[in-house]
Every structure is written in C-alpha cells, then in structure tokens.
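The values are calculated or read from the model by the stated rules, or taken from the named source; none is laboratory data. These numbers come from a predicted model, not from an experiment. Only protein heavy atoms, including side chains, enter the accessible area calculation; ligands, DNA and RNA are left aside. Shrake-Rupley method; radii C 1.70, N 1.55, O 1.52, S 1.80 Å.
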Amino acid sequence: MSEQGALRVRLGRLVREAAKFGAVGGMGLLVNLLVFNLVRHTTELPVVRASVLATVVAIAFNYVGFRYFTYRDRDKSRRTRELTLFLLFSVVGLVIENGVLYTATYGFGWDTPLQSNVFKFLGTGIATLFRFWSYRTWVFQALPSPDDTEGPAEGAAGGAAGEPAVSRLGR
C-alpha cells in the first residue's frame, strides 16, 4: 500500500472512531447534564457535589457505550486492566470537568443555574479531549489487523522502524 493510501486508511479509522466516541460521549453528556440538573434542583447538595455525582453516573454509562459500541473490536482479554485504567483516566477527567465548575462557582461567584450549566458543559468539553486521547491510547488497546502483518514496507507509512504495527494503526 502506498504511503498516501496508508495515511488515508488511518485517517478514515480515526474519523470513524471519533464519530463513535462522539455519539457515546454525546449521550453521556446528556445523562451528565440531566442528572446534574435533577440533583441540583431537587436536593440541597452544593453545585460541585451535584456535578460530581452526575459525572460518576455518566462515567458508568459511558463505559458500557465505549466497551460495547465505540471500542467493541478492541482487545477484551485484560478487562481488569482496562477497567482500572478507564476509572483512573475518568477520575482525572472528573477533576478537570469539576475543577472548571468549582473555579467558576467559588472563584468567580458564578452560581446561577445558567452559569453552572455553561461551566459544567465547558469543563466536560475540556475533559472530553483528555478522555478521548487517554482511552484510545491506554485503555481500549487495538488488536492487530490483517494489514499489520505486511512487514517492513508498511513501516514507511507511519511510526519508527521496529515499532509494532498495532501501536501505529490502532491508535
């Protein structure tokens, strides 16, 4: 396969993966915002605690979506490792997401329902970029495809010489 053809294939895979990630993430965002607003308006929990609770519910929802839709073709042999890394990176995303909300709420005093939702959404967007990178790089490992066994000629299409094909094409 030519260098340009290999690049086109890899770009196509990345676009499909990002679209699936976005579909699951979009549904997770809806779950997150719905739970956040439900908790915020029906309980006396402070805004950031309500947000953390909503984020935890969305994380559980997203794991199922990512494992069985977005990354269903990825390695399933090490589920304990996968789940541990997923939770670790999800907690980092939770801190990013709720750190933005915390800063807006307690640093600037922006605590109206509209302001809370805007900063919850902004924090989720920033955290999503981190999650996409970390999940695809570390959590949902790619399996080698039949194209990965072509040998050294394919090495020119990406990655350093001697780098495993799975890390070039699967990520």
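With an 8 Å Cα cut-off and a minimum separation of 6 or more residues, compute the relative contact order for region 1-158 in percent. After rounding, I find 29 percent.
With all protein chains in place and ligands, DNA and RNA left out, the 1.4 Å accessible area ranks 17, 3, 44 as 44, 3, 17, largest first.
Per-residue accessible area (protein heavy atoms, 1.4 Å probe) orders 77, 116 as 77, 116, starting from the largest.
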